[in-house]
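Below is one structure; the comments refer to it alone.
The values are calculated or read from the model by the stated rules, or taken from the named source; none is laboratory data. Note that the coordinates shown come from a computational prediction; the quantities given were computed from them, not determined experimentally. Here the Cβ positions follow ideal geometry from the backbone for every residue, glycine too, while neighbour counts run over all protein chains shown.
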Amino acid sequence: MFDVSNRLYKVITLFLVALVIYFGFSVYINYKAVPGNSPYPEVLSVTGEGKASITPDIATVNLSITTEGVKIEDVVLNNTEKMNTVIVEIKNLEIAEKDIKTKQYSLYPRYEWTESGKRVSRGYTLTQTVEVKI
């Protein structure tokens, strides 16, 4: 006759095998989808090095003149004469006037303290700085 139990056993076994294959394939596909598990890189990395060198074509020079004296008029006159001489020599080197600019002009009194604690004026100090672009 017809044996139902044997046939049912085969159908259930076949169904379970198909189910195991289906879930196994599903797990494999999900595993491949996780970054780092794929044999193909998802990140392109490039490394390089570049070098450039040039000869400098501009230099900036700061020139300062400091003058000290007792009378303010003498200090200003003396410092101005010295700085004007320097500027004339700079222009003689064919440096354009637009490349010469005053960066600092400071005139301040000089004081000293006596042993009795009194402050005494000792004259003035003038510092003038020009920047020269070459």
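In the set (1) closer than 30 Å to Val132 by Cβ; (2) β-branched (Val, Ile, Thr); (3) at pLDDT below 90, the condition left unmet by Thr60 is number (3). One residue is enough: does the range 97-105 have a residue meeting the conditions β-branched (Val, Ile, Thr) and out of contact with any helix residue (DSSP H, G or I) (no Cβ under 9 Å at 6 or more places or on another chain)? No, the conditions are met nowhere in the range 97-105.
Across the range 92-133, the qualifying residues are those that are surrounded by 12 or more Cβ atoms within 10 Å (Cβ to Cβ) and polar (S, T, N, Q), and the one among them that is farthest from Asn78 (Cα to Cα) is Thr129.
Determine if the range 78-96 includes at least one residue that is at pLDDT 90 or above and touching a Leu at 6+ places or on another chain (Cβ under 7 Å). Looking for residues that are at pLDDT 90 or above and touching a Leu at 6+ places or on another chain (Cβ under 7 Å), one finds at least one in the range 78-96, hence yes. Within the range 62-85, residues that are surrounded by 12 or more Cβ atoms within 10 Å (Cβ to Cβ) reach partners that are in a helix (DSSP H, G or I) with beta carbons closer than 6 Å, at six or more positions or on different chains, in the pairs Ile65/Asn79; Ile65/Lys82; Ile65/Met83; Thr67/Val75; Thr67/Asn78; Thr67/Asn79; Gly69/Val75. Counting only residues that are more than 30 Å from Ala59 (Cβ to Cβ) and assigned to a strand (DSSP E or B), the range 76-134 holds 12 of them. In the range 63-75, the qualifying residues are those that are farther than 12 Å from Gln128 by Cα and not in a strand (DSSP E or B), and the one that is nearest to the chain's Cα centre (by Cα) is Ile72.
Here is a check on your reading of the model: is Thr47 exposed (fewer than 14 other Cβ atoms within 10 Å of the Cβ) and in contact with an Asp or Glu (Cβ under 8 Å, 6 or more places away or on another chain)? Considered against the rule, which asks whether it is exposed (fewer than 14 other Cβ atoms within 10 Å of the Cβ) and in contact with an Asp or Glu (Cβ under 8 Å, 6 or more places away or on another chain), Thr47 comes out as no.
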